[in-house]
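Read through the structure below, which is laid out as structure tokens, and then see the notes.
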Amino acid sequence: MPALIELTQIIKDYGKFRALNGVDLTIGEGITGLLGPNGAGKSTLIKVLLGLVRVTSGEGRVLGHDVQKEAAAIRAKVGYMPEDDCYMYGLSGIESVQVAARLSCLPTTEALRRGHEILDFCGIGQERYRNVETYSTGMRQKLRFAMAIVHDPELLILDEPTSGLDPEERESMLSRIGVLSKKFGKAVILCTHILPDVRMVCDSVAILAGGKVRLMAPLEDLLKSPNPEVRLDVADDAESFCEALVRRGLQCEVIGNNRLRVFGDSTEVADSIWKIADEEKVAILNQIPSQSSLEEVFLQTVREKRHADS
Amino acid sequence: MPIHNLGYREWDGERESGNSRWSVIAGIGIRRAWQSSWLRRIAFVVWGPPLVYGIVIFLFEQVLTGNASMNPRMFREIVNMFLPAESVQAVLLVFENLDTATQQELLTVARPLVWKAVLLQLQRSQAIGMVIVVGLVAPALISQDVRSRAFLLYFSRPMTRLQYIIGKCMTIGFFLFLTGTLPQLLLYLFAVLLSPDASVIAYTWDLPLRVLVASTAMIVPTTLLALMLSSLTIESRFATFGWFFIWIFGLAAFLMMRRLDGDTSELVLRLSFLFLLFSDMSTAILGIPTTVSHVETQFVFAAVLSMVCFTVIFRRVSAPLRA
């Protein structure tokens, strides 16, 4: 997987305050969740990626361009959706998107045509002709998303794209992000505090804390439990089935009425379970491999950082 | 999915060069400002003085072409109402006592001088309207962007801060051109059309250029000053207040200092009121004889004022990105 973003030992100081403290980060294609507690340096990192602030030291390349020297080239290829409730005062929705397209060098007529297309894609109907000051928070959120993608960027940086959206709109937004990544090959950095969003769409996760990247791994690996197990719901007596499993060399424990837990989640364990169930004439209703929750991973990483600091 | 919704489509068309991004910013500002009905009214009203001075030019040309219904003395008295410039009055006084043949010989001197004086006077008479126009347009230009936190939307695009500031300046510049420079250029054109033949262009060709330079010398510091005030606040009404305060306070300071007779130097007196500063600069650029000294210092003052304002604007625009 080619690296779209490569940062090496990036340090950014604001006066005496060190916002980024030697960030090493490599991000490839797909959707990457950028997580971190408040004040972790996420916003500063985004500004560095966009070339909006000069780094104190370190090197970085985004889409092959140097973050220090080729900021304009980076911003031409990147779509950024800010977290702040920002808008262009006095313009209608369609005018805002058209302006965003024009600033990214699309010709005037094409900017208007594409603006309408993108607003359709983002689910903004006739409201597009209203001034943005009259929009609800959710509408402005969708409008900022439309402005971020109108120029067909290669990389999308989305800062809290689902905050302020109702559950239905949130799902639609995540679905759009998924379409852009899976169908159109856009790389996406999803900066959010909403961990279910990350679990729903992200391919990998980077956790930033104290101005450093503490963890960077595929989501699949992060969710693997350190003590793998399989939870089974059975239609018959769980205890007798558990005894049968133990007799065949599996480790097992009854954890409730018709529910039991088998330690290990390898293919062999799964095959054995189904074979034994067939022999014992036990109907398995559910087989759920256990996973670590992203919350646990996140909290553990942040705690480790605090522990290291203290 | 609605029938018109094509879903997402990739863009593979040509992109334009990024050099005209400032024009997008200017376009937004102009469109937004033009929504103000007050601005439209003022922009209409400031076209009144050019009509009056068009009549002056017409009468002047009547005198020069020897029209029986208009004698030079009557013209001088009419002109006196509109052109208090002493040098022009003196020229006309001499001019009316000359015989027709000599008058014709001196036309190449008298005509440009009167035209320049008319253009300068037109510029002065438009000043109040232009101050109001800037007061209506400028205060919201940057303050509203700060308030609505639009900077990130602008600067996450491949646009520089300089392009942004130029775009904002061009918004004000457009309205100042529309209400100040354009009427002057059209008045010059009107004067040429009223002249007996096209030969007048040969000795007045520099007038449109002088008008453009004089306008630029006024527009640049004015625009930057107004934009600086806008960048200093998120409440555009404070910027509006600051803008009008500068002009009213300047006038009051000028009147007070003039009453103090001799205690204040001529230069300080003229620098205190921006109207006089720009008027003196225009007089010098148009090439009208004047008794005002220290004009060079006034140019330097305007340049320094512009640079300070630009620096403040640049820092204020950069501040939200650094935070």
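The values are calculated or read from the model by the stated rules, or taken from the named source; none is laboratory data. Just so you know, these numbers come straight off a predicted model, no measurement behind them. Cβ: placed from backbone, ideal geometry, glycine included. Neighbour counts: every protein chain shown. Just the protein is used for accessible areas: all its heavy atoms, side chains included, with ligands, DNA and RNA removed. Shrake-Rupley method; radii C 1.70, N 1.55, O 1.52, S 1.80 Å.
Residues that are in contact with a helix residue (DSSP H, G or I) (Cβ under 8 Å, 6 or more places away or on another chain) and within 22 Å of A:MET173 (Cβ to Cβ), at least 1 per element: which strands (runs of 3 or more DSSP E) completely within segment A:7-125 meet that?
Numbers: elements: A:17-27, A:31-35, A:57-62, A:78-81.
Per the criteria, A:31-35, A:78-81.
State all residues of segment B:228-284 that are charged (D, E, K, R), at pLDDT 85 or above and over 18 Å from the mean Cα position of the chain (by Cα); if no residue qualifies, say none.
Here is the first cut: in segment B:228-284, the ones charged (D, E, K, R) are B:235, B:237, B:258-259, B:261, B:263, B:266, B:270, B:280.
When the remaining residues are screened for being at pLDDT 85 or above, the result is B:235, B:237, B:280.
B:GLU235, B:ARG237, listed by residue number.
Just give me the residues in segment B:275-323 being in a helix (DSSP H, G or I) and in contact with a Ser or Thr (Cβ under 6 Å, 6 or more places away or on another chain), in sequence order. Spell out how you get there, then give the answer.
As a first pass, look at segment B:275-323 and keep what is in a helix (DSSP H, G or I): B:275-286, B:295-322.
Correct list: B:THR283, B:ILE313, B:ARG316.
Scan segment A:129-145 residue by residue and report those that are more than 8 Å from every other protein chain (Cβ to nearest Cβ) and closer than 19 Å to A:PRO161 by Cβ.
If the condition is that a residue be more than 8 Å from every other protein chain (Cβ to nearest Cβ) and closer than 19 Å to A:PRO161 by Cβ, then A:VAL132, A:TYR135, A:SER136, A:THR137, A:GLY138, A:MET139, A:ARG140, A:GLN141, A:LYS142, A:LEU143, A:PHE145 are the ones that fit.
For the list (1) touching a helix residue (DSSP H, G or I) at 6+ places or on another chain (Cβ under 9 Å); (2) at pLDDT below 90, I need the number of the one condition that A:ILE149 fails.
Going through (1) touching a helix residue (DSSP H, G or I) at 6+ places or on another chain (Cβ under 9 Å); (2) at pLDDT below 90 one by one, A:ILE149 breaks only (2).
I want to confirm something. Restricting to segment B:151-174 and keeping residues that are under 13 Å from B:ALA319 (Cα atoms) and facing another protein chain (nearest Cβ under 7 Å), which single residue is surrounded by the most Cβ atoms within 10 Å (Cβ to Cβ)? So that I can check it myself, show each step before the final result.
Initially, segment B:151-174 is screened for residues under 13 Å from B:ALA319 (Cα atoms), giving B:151-152, B:155, B:161.
Next, from what is left, pick out any that are facing another protein chain (nearest Cβ under 7 Å): B:152, B:155.
On the way: B:LEU152: 23, B:PHE155: 25.
Top of the filtered list is B:PHE155.
With segment A:219-285 as the region, which strands (runs of 3 or more DSSP E) entirely inside it contain at least 3 residues that are open to solvent by less than 90 Å² (accessible area, probe 1.4 Å) and within 30 Å of A:ASP197 (Cβ to Cβ)?
On the way: elements: A:229-234, A:252-256, A:259-263.
Strands (runs of 3 or more DSSP E) meeting the threshold: A:229-234.
Scan B:PRO320, B:PRO289 and give me the residue that is within 19 Å of B:GLN123 (Cα to Cα) and touching a residue at least 40 places away in the same chain (Cβ under 8 Å).
Values: B:PRO320 fails: within 19 Å of B:GLN123 (Cα to Cα).
Exactly one of B:PRO320, B:PRO289 is within 19 Å of B:GLN123 (Cα to Cα) and touching a residue at least 40 places away in the same chain (Cβ under 8 Å), namely B:PRO289.
Take the residues in segment A:51-78 that are touching an Asp or Glu at 6+ places or on another chain (Cβ under 8 Å) and under 21 Å from A:ALA146 (Cα atoms), then tell me which one is modelled with the highest pLDDT.
A:VAL78
Could you look through segment A:82-97, keep only residues that are at the interface with chain B (Cβ under 9 Å from one of its Cβ atoms) and not acidic (Asp, Glu), and pick out the one that is farthest from B:ILE142 (Cα to Cα)?
A:PRO82
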